[in-house]
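Beneath this line is the structure, given in structure tokens, with notes to follow.
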Amino acid sequence: METRVPSRYLWLPEFPRPPEGSCHSQGYGEGMCTPHPPRPHPYPLLCPPALSTKETFLVLSLHNKLRSKVQPPAANMQKLEWSEELGRLAGARAASCLEGPGPAPPPAPQLGWSEALLPAGAGGFGAVLELWFAEGQRYDYRTGRCAGNATCRHYTQLVWATAGQLGCGRHRCTSPHGPSEAFTCAYSPGGNWEVAGTPILPYKQGPWCSLCTAGLSGCFKSWDHSGGLCEVPRNPCRMSCRNSGRLDMSSCQCTCPRGYTGRYCQVRCSGQCLHGRFRKEECSCLCDAGYGGAECGTKIHFPFHACDVRIDSDCFMVSPEADTYYGAKIKCQEKGAMLAQIRNQKVQDILAFYLSRLEMGNRVTDTDFETGNFWIGLTYKTSKASFRWDVGEPSSFTSFAFGQPDNQGFGNCVEMQASAAFNWNDQRCKTRNRYICQFTQEHIALWQRDP
């Protein structure tokens with residue numbers, strides 16, 4: 001059975017104790033106040049003023065700073081966020097000068113409270129929070145208990161990992177013992193739970209942010225880069241759009257400005273297509289036979305000597321140099337070709353055999369490549385939720401390796417993978433691979449041979 005012992009307020013030694021019988025020890029070293037019989041308050045209580053914006057910022061910042069300093073380090077410590085509702089509750093509690101029971105209403109039993117009553121002028125919230133955190137010097141993380149009869153419950157509530165919201169209030173009080181100041185903080189959800197009398201540890205030990213939940217996968221670092229608190233990631237997609245593209249956080253897709261394309265808007269579009277047709281989705285030209293270049297403006301004579309493999313009258317040329325997917329695509333187009341389209345098993349088998357022999361023969365003349373793989377003209381189109389050839393047609397034939405594709409949304413470009421017998425793998429488009437250009441039969445038939 002779970003129980004929770006709430007944190008109450010702390011009486012400092014230099015402040016006079018209340019009249020005999022109003023407080024008693026609970027065995028935790030803290031003053032626990034029993035309710036007085038109902039009596040009118042000596043001063044009428046108005047709606048307590050909220051903390052100023054500056055003080056709210058300071059209280060919240062110091063909480064998160066202290067939570068980032070726990071030892072041993074916390075693997076699942078959440079970053080606290082300010083709650084105006086909790087701030088109003090805490091302000092109302094402080095305005096009572098901590099007399100009577102706490103203000104948590106029955107529908108919200110999981111709020112945690114920490115309270116302190118200090119002599120007026122003894123210090124602000126900074127002193128109170130440092131005092132609560134200092135209790136940790138007497139806390140034994142291995143047992144979850146405080147040394148001797150000392151109290152650690154303000155400390156354990158302050159560093160309760162799963163608390164996500166905070167609200168605090170303060171109020172100047174007057175009593176027969178002299179002026180004082182009440183400080184109260186409310187946490188949601190609360191902490192200081194026990195199971196069968198055994199205290200639950202306030203956080204999980206481990207490297208900072210190593211056990212954050214999926215919804216809090218960001219890791220907040222303080223200005224000095226110490227510690228780490230789990231938070232809602234500012235960019236849950238963990239990506240950014242280039243060239244003034246706009247990131248849609250719900251779909252993790254970039255909306256590119258006119259003139260750019262690609263997953264990150266990193267590819268500049270062709271300005272015009274002189275001898276070809278513009279493909280809006282690809283943001284590039286598909287050149288007519290006999291023409292090449294980014295804008296299909298260059299007349300090209302078919303380089304018959306460049307064919308490495310002829311398959312059913314199509315010509316395939318394997319590059320000796322390496323480039324990114326889009327760089328390879330442009331280089332093929334400059335030759336009047338396109339990245340290879342593998343539309344049946346025959347072409348796959350022949351190209352895979354040729355590439356395996358090519359690897360053995362070590363024909364690579366440019367070693368500036370990251371893998372032994374080769375780009376083909378297939379990419380994953382998020383707008384279509386499918387793999388499509390560069391000409392826009394869906395791929396009815398595929399030869400993905402076992403377990404592939406596995407990177408959809410990040411590995412958008414397809415390579416022939418050497419380690420998988422040149423079956424296919426989806427890869428990040430910025431990887432530098434060699435590539436295969438293809439001159440199709442209908443293009444070759446329209447080309448004029450060199451004299």
Two-site label geometry, Ser61 and Asn344: point separation in nm, points 7 Å out along Cα→Cβ: 7.0
Exposure of Ser244 as accessible area (Å², to 10), given a probe of 1.4 Å and all protein chains: 110
Förster radius 25 Å - calculated FRET efficiency between Thr174 and Ser52, Cβ distance, rounded to 0.05: 0.70
Karplus-derived 3J(HN,Hα), 6.51/-1.76/1.60, for each residue of the range 137-151, Hz, glycine and proline x: 5, 9, 8, 9, 5, 5, 9, x, 10, 9, 5, x, 9, 6, 9
Three-way shape call for the range 393-436 based on the alpha-carbon gyration tensor, with the a/c threshold at 1.5: rounded
Around Gly167: net Lys/Arg minus Asp/Glu count, Cβ-Cβ under 9 Å: -1
Rg(Cα)/(2.2 N^0.38 Å) for the range 184-262, N = residue count: 1.67
Simple label model, 7 Å out from Cα along Cβ direction - Phe402 to Met239, nm: 2.9
Equivalent ellipsoid semi-axes, the range 128-180, via Cα gyration tensor eigenvalues times 5, rooted, Å: 27, 17, 7
Arg258 paired with Ala127, simple spin-label distance in nm, labels 7 Å along Cα-to-beta-carbon: 6.5
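The values are calculated or read from the model by the stated rules, or taken from the named source; none is laboratory data. Quantities reported herein were computed from a predicted structural model and do not represent experimental measurements. Please note: Cβ atoms are built from the backbone with ideal geometry, for glycine as well, and neighbour counts cover all protein chains shown. Remember, those area values only see protein heavy atoms, side chains included, never the ligands or the DNA or RNA. Shrake-Rupley method; radii C 1.70, N 1.55, O 1.52, S 1.80 Å.
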